[in-house]
1. Considering only the range A:85-103, I want to know if a residue exists there that is closer than 17 Å to B:A92 by Cα, loosely packed, with under 14 Cβ neighbours inside 10 Å, under 14 Å from the mean Cα position of the chain (by Cα) and not acidic (D, E).
2. If only one of B:G63, B:G104, B:G16 is free of Cβ contacts under 8 Å to residues at least 24 places away in the same chain and over 14 Å from A:K95 (Cα atoms), which one is it?
3. For the range B:68-106, what are the residues that are aromatic (F, W, Y) and away from chain A (no Cβ under 14 Å)?
4. Can you tell me which residues in the range A:21-38 are exposed (fewer than 15 other Cβ atoms within 10 Å of the Cβ), more than 17 Å from A:A65 (Cβ to Cβ) and more than 13 Å from chain B (Cβ to nearest Cβ)?
5. Could you list, in sequence order, the residues of the range B:77-103 that are in a strand (DSSP E or B) and out of contact with any His (no Cβ under 7 Å at 6 or more places or on another chain)?
6. Quickly run through the range B:4-50 and pick out the residues that are of a type in the set (G, A, S), surrounded by 14 or more Cβ atoms within 10 Å (Cβ to Cβ) and modelled with pLDDT of 95 or more.
7. Taking A:V106 as the residue in question, decide whether it is under 18 Å from B:K100 (Cα atoms), among the hydrophobic types (A, V, I, L, M, F, W, C), more than 12 Å from the chain's Cα centre (by Cα) and part of a strand (DSSP E or B).
Amino acid sequence: GIQVEQSPPDLILQEGANSTLRCNFSDSVNNLQWFHQNPWGQLINLFYIPSGTKQNGRLSATTVATERYSLLYISSSQTTDSGVYFCAVVPLAGKSTFGDGTTLTVKP
Amino acid sequence: NAGVTQTPKFQVLKTGQSMTLQCAQDMNHEYMSWYRQDPGMGLRLIHYSVGAGITDQGEVPNGYNVSRSTTEDFPLRLLSAAPSQTSVYFCASSADRGEKLFFGSGTQLSVL
């Protein structure tokens, strides 16, 4: 099946810093989504982004489907951004697959 | 709208017991799915449904059973609980397969 790799696995930032999270996938996909899992375990859909670029406040995402990767940018990070960030893909022939996540810790 | 509602939030079972995790959505979504999340890992797909009466297996279906009699409900049954099924279980739904996915709050299950 499709492989989804996220990097880095862990990231520690000082409040106010910027960061880039990466998601690589091994096959063509129908869609890609980014999720934030907060420290209480709740999963929030950040972006539905099969291709192109989207922005939502301090967060933006870019997917380059032809090169099989997506990037999530977090600017001016806040402590509330802490948690685990997952990307999930649905391949052209297959079932939804999640990466193992990037754990982000933002220190005050 | 309540979105995706899962019950119970916590459950402790003994090995061999059976139980049903409930999932309901009020968004008229056709696609519903169940995932399990183990420590330090991403979510793995257990079963999914593309509409009432239609279900299919995901990546880790063994030991679980599902049915979809209505658009709103998608229960997950553990037939004979095993310690390896200790995990956090999430239900999710979307308007259609491959569309934006919405998650419930999860069920933390421990099997002793």
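1. No, every residue in the range A:85-103 fails to be closer than 17 Å to B:A92 by Cα, loosely packed, with under 14 Cβ neighbours inside 10 Å, under 14 Å from the mean Cα position of the chain (by Cα) and not acidic (D, E).
2. Details: B:G104 fails: free of Cβ contacts under 8 Å to residues at least 24 places away in the same chain; B:G16 fails: free of Cβ contacts under 8 Å to residues at least 24 places away in the same chain.
From the options B:G63, B:G104, B:G16, the qualifying one is B:G63.
3. Taking the range B:68-106 as the starting set, the residues that turn out to be aromatic (F, W, Y) are B:74, B:89-90, B:102-103.
Listed by number, the list holds a single entry, B:F74.
4. Looking only at the range A:21-38, we keep the residues that are exposed (fewer than 15 other Cβ atoms within 10 Å of the Cβ), and these are A:26, A:28, A:38.
From the residues that got through so far, the ones that are more than 17 Å from A:A65 (Cβ to Cβ) too are A:38.
Passing the criteria: none in range.
5. Within the range B:77-103, the first condition is being in a strand (DSSP E or B), and the residues that meet it are B:77-78, B:87-94, B:102-103.
Across the range B:77-103, the qualifying residues are B:R77, B:L78, B:S87, B:V88, B:Y89, B:F90, B:C91, B:A92, B:F102, B:F103.
6. Applying the first criterion (of a type in the set (G, A, S)) to the range B:4-50 yields B:16, B:18, B:24, B:33, B:40, B:42, B:49.
Narrowing further to those that are surrounded by 14 or more Cβ atoms within 10 Å (Cβ to Cβ): B:24, B:33, B:42, B:49.
Selection gives B:A24, B:S33, B:S49.
7. Numbers: under 18 Å from B:K100 (Cα atoms): no; among the hydrophobic types (A, V, I, L, M, F, W, C): yes; more than 12 Å from the chain's Cα centre (by Cα): yes; part of a strand (DSSP E or B): yes.
Judged against the criteria, A:V106 is not a match.
The values are calculated or read from the model by the stated rules, or taken from the named source; none is laboratory data. Since the model is a prediction, treat every value here as computed from it, not as a measurement. Here the Cβ is made from the backbone with ideal geometry for all residues, glycine too, and neighbour counts use every protein chain on show.
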